[in-house]
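See below for the structure under consideration.
The values are calculated or read from the model by the stated rules, or taken from the named source; none is laboratory data. This one's a predicted model, so the numbers in the text were calculated from it and none came from an experiment. Cβ coordinates were reconstructed from backbone atoms using ideal geometry, including for glycine residues, and neighbour counts include every protein chain displayed.
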Amino acid sequence: MENKQQVNITYSAEEQKEIDYIRAKYQSGEKKQPNNLDKLKKLDAKVESKAMIIALSAGIISTLILGLGMACVLVWNQLVIGVVIGAFGIAGALYAWPLYQKVLKKEREKAAPEIRRLSNNE
């Protein structure tokens with residue numbers, strides 16, 4: 001004779017929502033309508049990613065400018081030009097973090113009405 005035992009696992013409401021969300025992503029043929037939480041997460045990620053992309057671009061370009069200044073000094077023996085170019089590169093790299101904060105604040109202000117609307121379930 002077989003001894004069949006069944007195990008029942010209960011989850012909290014929050015865990016069950018997460019399980020349902022993950023399960024819905026793997027069900028074939030059925031498209032789940034995004035709920036407000038999904039829309040909130042997507043909007044928040046969009047705001048943060050835009051600020052990050054702009055700040056990273058500024059930082060990378062500034063670092064390349066700094067490298068050009070270093071090349072002027074070390075390779076081509078152009079000390080004055082290299083120092084000036086390198087100073088611009090350092091200034092740009094130092095400005096990347098304040099630029100991130102500024103863009104993030106601006107994007108959050110633009111997205112605030114939609115975030116409030118979605119979070120209030122209107």
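I'd like to know if the range 63-74 contains one or more residues that are assigned to a loop (DSSP other than H, G, I, E, B) and more than 28 Å from L118 (Cα to Cα). Looking for residues that are assigned to a loop (DSSP other than H, G, I, E, B) and more than 28 Å from L118 (Cα to Cα), one finds none in the range 63-74, hence no. A Cβ distance below 6 Å, combined with a sequence gap of six or more or placement on separate chains, defines the contacts here; from the range 57-68, residues that are of a type in the set (S, T, Y) reach residues that are surrounded by 14 or more Cβ atoms within 10 Å (Cβ to Cβ) in the pairs S62/G89; S62/G92; S62/A93; T63/A93.
May I ask you to verify whether A87 is without any contact (Cβ under 8 Å) to a residue 40 or more places away in the chain, among the small types (G, A, S) and touching a Ser or Thr at 6+ places or on another chain (Cβ under 9 Å)? So A87 does not fit the description; no. Scanning the range 31-86 for residues being of a type in the set (S, T, Y) and either touching a helix residue (DSSP H, G or I) at 6+ places or on another chain (Cβ under 6 Å) or surrounded by 14 or more Cβ atoms within 10 Å (Cβ to Cβ) (or both) gives a total of 2. Remark: pairs (first residue in the range 1-27, within 18 Å of L37 (Cβ to Cβ); second residue modelled with pLDDT under 80 and surrounded by 10 or more Cβ atoms within 10 Å (Cβ to Cβ); Cβ separation under 8 Å; 6+ apart in sequence or on different chains) = I19/Y11; A24/K32; K25/K32.
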